[in-house]
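The values are calculated or read from the model by the stated rules, or taken from the named source; none is laboratory data. Given the structure is predicted, the values throughout are model-derived calculations rather than measurements. Glycine also receives a Cβ, built like all others from the backbone with ideal geometry; neighbour counts cover every protein chain displayed. Please note that ligands, DNA and RNA were not included when accessible areas were found on the heavy atoms of the full protein model with its side chains. Shrake-Rupley method; radii C 1.70, N 1.55, O 1.52, S 1.80 Å.
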Amino acid sequence: MTSTETAVRNGVDTATLFATLDAVKADPDIAKFRFRATNSWLNGTHNQSTIHGFHGAKQEMTHREPFTFDADHPPVLVWSDHGPTPVEYLLHALAACLTAGIANVAAARGVTLTEVSSTVEGDIDLLGILGLSDQVRNGYQQIRASFTLRGDDPAKLRSVVEQSRRRSAVFDVVTNGVPVSIDVDAG
């Protein structure tokens, strides 16, 4: 086995992962990041977000290229289905964050993965969003995530998922909430 094979597990460069952990331990300020998305309304409920720049590791940075995401509502919710609904993006964000965490945790622990897949579902009652009931919340009433993992023994795989859940930024935001401020420049 070559050193390249041992330094990469499940597609994760473990040498870089551990070097990053050591760098953050030595200088905790490099762990402070500010991510951003810009959004523009297009028509009806169709809008588009662009994600490109962010601040991290004490500097302004950009992704290799801008990423754009359309959001809309399907015809049953009165529009043209140019993209997933915003609440579907939330499900994607939760699944993606947990999956990325699973890959990193497994690599750090020396656990081999051969398959990771998930289904994340959320239940919403539109009576809240439509303003037809003050007794129904606007957001998800419940979210369920179901993972299928294959690789090392099941106990190790379950432990990896649990650690990913404990360290997931999106899981934290969804389950604990976060203060959100909204500024408006209307003219």
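Quick notes on this one:
- Residues located in the stretch 50-88, provided they are part of a loop (DSSP other than H, G, I, E, B), closer than 30 Å to residue 29 by Cα and open to solvent by less than 80 Å² (accessible area, probe 1.4 Å): 57
- Of the residues making up the stretch 100-147, those that are surrounded by 14 or more Cβ atoms within 10 Å (Cβ to Cβ), aliphatic (A, V, I, L, M) and in a loop (DSSP other than H, G, I, E, B) are 111, 124, 136.
- Screening residue 34 on (1) open to solvent by less than 90 Å² (accessible area, probe 1.4 Å); (2) under 24 Å from residue 172 (Cα atoms); (3) not acidic (Asp, Glu) shows it passes everything except condition (1).
- Within the stretch 167-187, if we keep just the residues that are surrounded by 11 or more Cβ atoms within 10 Å (Cβ to Cβ) and assigned to a helix (DSSP H, G or I), the residue that is nearest to the chain's Cα centre (by Cα) turns out to be 170.
- Qualifying residue in the stretch 157-166 (condition: modelled with pLDDT of 95 or more, in a helix (DSSP H, G or I) and either on the phi > 0 side of the Ramachandran plot or among the β-branched types (Val, Ile, Thr) (or both)): yes
- All conditions but one from (1) in a helix (DSSP H, G or I); (2) without any contact (Cβ under 8 Å) to a residue 12 or more places away in the chain; (3) polar (S, T, N, Q); (4) closer than 30 Å to residue 142 by Cβ apply to residue 39; the one that does not is (1).
- Number of the condition not met by residue 146 [criteria: (1) in contact (Cβ under 8 Å) with a residue 12 or more places away in the chain; (2) over 29 Å from residue 76 (Cα atoms)]: (2)
- Filtered by the rule that a residue be more than 30 Å from residue 100 (Cα to Cα) and either in contact (Cβ under 8 Å) with a residue 24 or more places away in the chain or of a type outside the set (Asp, Glu) (or both), the stretch 117-134 gives 126, 127, 128, 129, 130, 131, 132, 133.
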